[in-house]
Each structure stands twice: as C-alpha cells, then as structure tokens.
Amino acid sequence: MAVPASAPPAADAGNPNYLRIGSLRKEFDGFVAVDDVDLDIRQGEIFALLGGSGCGKSTLLRMLAGFEKPTAGQIALDGQDIGHLPAYQRPVNMMFQSYALFPHMSVYDNVAFGLRREGRAKAEVARVVDEMLTLVQMTRFGKRKPHQLSGGQQQRVALARSLAKGPKLLLLDEPMGALDKKLRSQMQLELVNIIERLGVTCVMVTHDQEEAMTMAHRIAVMDTGRIRQIGTPDEIYEQPNSRFTAGFIGSVNLIEGRIEDDEKDYVTIRSNALAHAIYIGHGISGFEGQEVAFALRPEKLAISKEEPEGQYNKAQGIVEDIAYFGSHSVYHVRLSGGQKLMANYLNSRRWASEQFTWNDQVWLSWGENAGVVLSS
C-alpha cells in the first residue's frame with residue numbers, strides 16, 4: 001500500500017483540546033475492550049481510529065456517542081463533561097455504516113427528522129434541509145425513498161441528516177463499508193471536502209488503512225484496547241514506533257538483527273538473514289548488542305539483475321513469487337539465508353513486468369536512510 005501523494009492538511013485552527021478523552025476504560029464481564037485511553041483531538045480535525053476487528057475502536061466510538069457507558073474515565077467536548085450524558089443530550093451525531101435511513105420516508109423527511117423532533121419551526125426546518133441537500137448535491141432527489149437511491153446517494157443523505165442539527169462532533173462508523181472499491185475512493189475525497197467545508201470535528205472508525213490515510217488528518221492505531229501510535233498518515237507510515245504498527249500499516253519487510261556499531265552519525269545492524277551488515281546513515285537511541293528489527297518498505301527497495309555499484313546495502317536472492325498490480329509489480333525474493341523480501345517495481349512502460357520472472361537471480365538494494373530501526 002502506498003501513502004497518498006497528498007494527505008489532508010492538518011487542522012491547525014481552533015482549540016487543540018476540543019475533544020479530551022482521559023483514562024477511558026470499558027469492561028464487559030471482566031474483558032477489557034478499551035484500556036485506559038488518553039486522547040486529545042483538535043477542533044475541526046478529522047481523526048481516524050484504525051485497527052483490526054476486536055481492537056476496541058468501535059467500543060470507543062460508541063462511548064463517545066453515549067451508546068456505551070464507560071467503566072472509568074472522562075470525556076469532555078468543548079470544555080463540557082459529556083461522559084455522564086445520555087446520547088440524546090450530547091451535541092454529537094453518528095453516521096452508521098448501514099446509514100440507518102428510514103425506508104418509508106423521503107430523502108427530505110429523513111434529513112428533517114431530527115430537526116422536527118426538536119420542535120424547530122417549519123420555516124427553519126425547510127431552510128436547513130435545503131442547505132444540507134444542496135451541500136451533498138441531493139436537492140433534486142428530495143422526494144425519493146432510500147431504496148430508489150444508489151449506495152453513494154444513500155451515504156450523502158445519511159451525512160446530510162447527521163449534519164443537519166449542527167453537531168459539535170460527527171462520528172463515522174466504517175463510513176465506506178457498504179460501497180464498492182471504485183465508489184469508495186471517490187466518496188472518501190467528497191466526504192472530506194464536505195466535512196472540512198463545514199469545519200465540523202470528526203472521529204471516524206475504520207479497518208481500511210487506505211481510507212484512514214486518505215481521509216484523516218491524524219490516525220490512532222489501536223490494538224487490544226490500547227492506542228499503539230498516533231500521528232499523521234506519513235508519520236504512521238514512514239516512522240512506525242513498533243513492529244506491530246509497521247506490520248499493520250501497508251506492507252513491510254522486517255529484518256531481525258542486533259546493533260553491531262552504535263555511533264553518533266551511523267549505525268550498523270548485523271542480521272543472520274544478510275551476508276553484510278545493514279548500514280544506517282544516522283544515529284539512533286540504542287546500544288551495541290541490542291536486539292532490533294529493521295523495517296523496510298517494499299517501494300524503498302531497488303531490484304536489478306546486475307550487482308549495484310557503489311551501494312553498501314544490498315542482497316542477492318531468487319525471485320520466488322510475483323504479484324502484478326498494473327501500475328506496479330511486487331517481487332518476493334528469497335535470500336540465501338532464507339529471509340524473503342518484497343520489492344516494488346514500477347511498471348512505467350508496457351510489459352515492464354517481464355523484465356524479471358520466476359527463479360531469476362536478482363539483486364536488491366536500498367539507501368542508508370531507507371528504513372526504520374525498531375526496538376519493540
């Protein structure tokens with residue numbers, strides 16, 4: 001998986017502690033689903049909770065919405081403690097993966113539902129609904145029922161209904177889960193544009209890495225109820241803080257070894273998988289003899305039939321598997337020590353993928369600053 005060429009700009013306006021989550025914990029019959037989570041989210045930020053099934057991200061979202069009561073901890077929104085408030089009293093709205101549109105109501109009435117429940121004046125309801133339908137480009141579909149809409153159109157209606165009451169916090173639960181891949185990619189950017197235009201603060205839950213990296217200003221990677229790392233998409237991808245994060249986000253080669261030389265301006269790592277030590281052109285916070293992993297993304301590797309000249313970091317192996325993705329191919333190369341490394345090759349011309357084939361002997365090489373040293 002490649003990082004988007006241009007991730008959304010970080011939200012730098014507004015209160016940096018607009019949403020404060022402190023020591024939040026949730027237990028179900030002795031099972032800890034969310035384990036002492038601390039988190040600050042900026043006003044106007046799109047923040048993603050990313051993780052696999054059972055990591056606690058959906059439970060955390062449901063506690064923000066008021067659908068689950070925390071076992072312990074605090075939730076404050078715009079300076080107000082909302083952890084004790086029922087869902088209907090919170091200035092929070094949630095858009096569900098299934099959209100949860102009322103099938104018997106028109107698009108107009110679906111968007112108007114929450115406003116009418118609050119007893120808003122008829123003229124105000126009409127004005128807000130018209131504004132929301134214009135915002136999501138669904139004005140001409142106001143009289144239709146949900147079953148007469150496409151998946152993308154239903155999503156726009158669900159978003160309009162979620163935004164109609166002007167929530168301080170918008171929660172998105174797997175927002176693209178019901179869409180096919182092509183429509184999902186289109187709607188990700190459209191959804192971001194709408195949310196940013198309104199300036200609403202948004203927390204989204206997803207298991208889709210590309211979705212989180214495309215839509216979010218910052219991402220929290222979750223595992224077993226805890227947050228393992230928080231950062232911008234490029235920070236999470238390029239500077240993972242652990243083997244778990246490196247392996248969870250995108251594809252990665254993890255080479256286990258130990259620090260051989262630990263100097264201020266360079267480090268070498270000796271691995272049984274490679275004939276030569278790995279040379280890193282900067283210092284790290286480590287010590288000689290320390291067991292570490294070297295994380296190397298497939299796109300950072302160059303593949304060639306000839307031994308690369310002037311390159312210290314290199315290894316020779318046999319092409320064992322090839323995966324063709326159109327724009328690029330991924331070569332799985334088995335080294336003499338048994339380690340298998342993945343290398344991306346850009347298919348910049350037609351049939352470029354035929355340059356290497358199964359059982360070819362090839363060289364892999366990488367720069368001195370191409371990877372990350374991980375101690376955990």
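Structure above, values below:
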item: Boolean, Leu179 is hydrophobic (A, V, I, L, M, F, W, C), in the same structural domain as Phe47 (by TED's automatic domain parsing), surrounded by fewer than 20 Cβ atoms within 10 Å (Cβ to Cβ) and not in a strand (DSSP E or B); result: yes
item: Residues of the range 260-283 satisfying the condition of being part of a strand (DSSP E or B) and more than 21 Å from Leu341 (Cα to Cα); result: Glu260, Asp261, Asp262, Val267
item: So Phe325, is it loosely packed, with under 12 Cβ neighbours inside 10 Å and either assigned by TED's automatic domain parsing to the domain that holds Asp262 or in contact with a Lys or Arg (Cβ under 7 Å, 6 or more places away or on another chain) (or both); result: yes
item: Options Ala160, Ala112; residue that is in the same structural domain as Ile46 (by TED's automatic domain parsing), among the hydrophobic types (A, V, I, L, M, F, W, C) and modelled with pLDDT of 95 or more; result: Ala112
item: Residue within the range 182-195 that is aliphatic (A, V, I, L, M) and at pLDDT 95 or above present; result: no
item: Pairs where the first residue, in the range 299-311, is in a strand (DSSP E or B) and the second is surrounded by 16 or more Cβ atoms within 10 Å (Cβ to Cβ), C-beta under 6 Å, 6+ apart; result: Ala302/Ser365; Ile303/Tyr331; Ile303/Ala343; Ile303/Tyr345; Ile303/Val362; Ile303/Leu364; Ser304/Trp363
item: Yes/no for Ala295 being touching a Pro at 6+ places or on another chain (Cβ under 8 Å), assigned by TED's automatic domain parsing to the domain that holds Asp360 and outside any loop (DSSP other than H, G, I, E, B); result: yes
item: Qualifying residues in the range 144-168 (those that are in contact with a helix residue (DSSP H, G or I) (Cβ under 7 Å, 6 or more places away or on another chain) and closer than 21 Å to Glu124 by Cα) - the one surrounded by the fewest Cβ atoms within 10 Å (Cβ to Cβ); result: Lys165
item: Scope the range 312-338; condition at pLDDT 95 or above and in a loop (DSSP other than H, G, I, E, B); matching residues; result: Asn313
item: Of the criteria (1) part of a strand (DSSP E or B); (2) more than 13 Å from the chain's Cα centre (by Cα), which one Asn193 fails; result: (1)
item: Residue in the range 101-120 that is of a type in the set (Phe, Trp, Tyr) and within 24 Å of the chain's Cα centre (by Cα) present; result: no
item: Only one of Ala13, Ala2, Ala33, Ala65 that is surrounded by fewer than 20 Cβ atoms within 10 Å (Cβ to Cβ) and at pLDDT 95 or above; result: Ala65
item: Unique match (being within 30 Å of Tyr237 (Cβ to Cβ) and basic (Lys, Arg)) among Arg156, Arg127; result: Arg156
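A quick yes/no check of all residues on (1) within 19 Å of Val192 (Cα to Cα); (2) within 23 Å of the chain's Cα centre (by Cα); (3) assigned by TED's automatic domain parsing to the domain that holds Glu118:
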{"residue": "Ile46", "(1), (2), (3)": "yes, yes, yes"}
{"residue": "Met63", "(1), (2), (3)": "no, yes, yes"}
{"residue": "Gln80", "(1), (2), (3)": "no, no, yes"}
{"residue": "Leu85", "(1), (2), (3)": "no, no, yes"}
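The values are calculated or read from the model by the stated rules, or taken from the named source; none is laboratory data. None of the values given here were measured: they were computed from a predicted structure. Cβ atoms come from the backbone with ideal geometry, glycine included; neighbour counts cover every protein chain shown.
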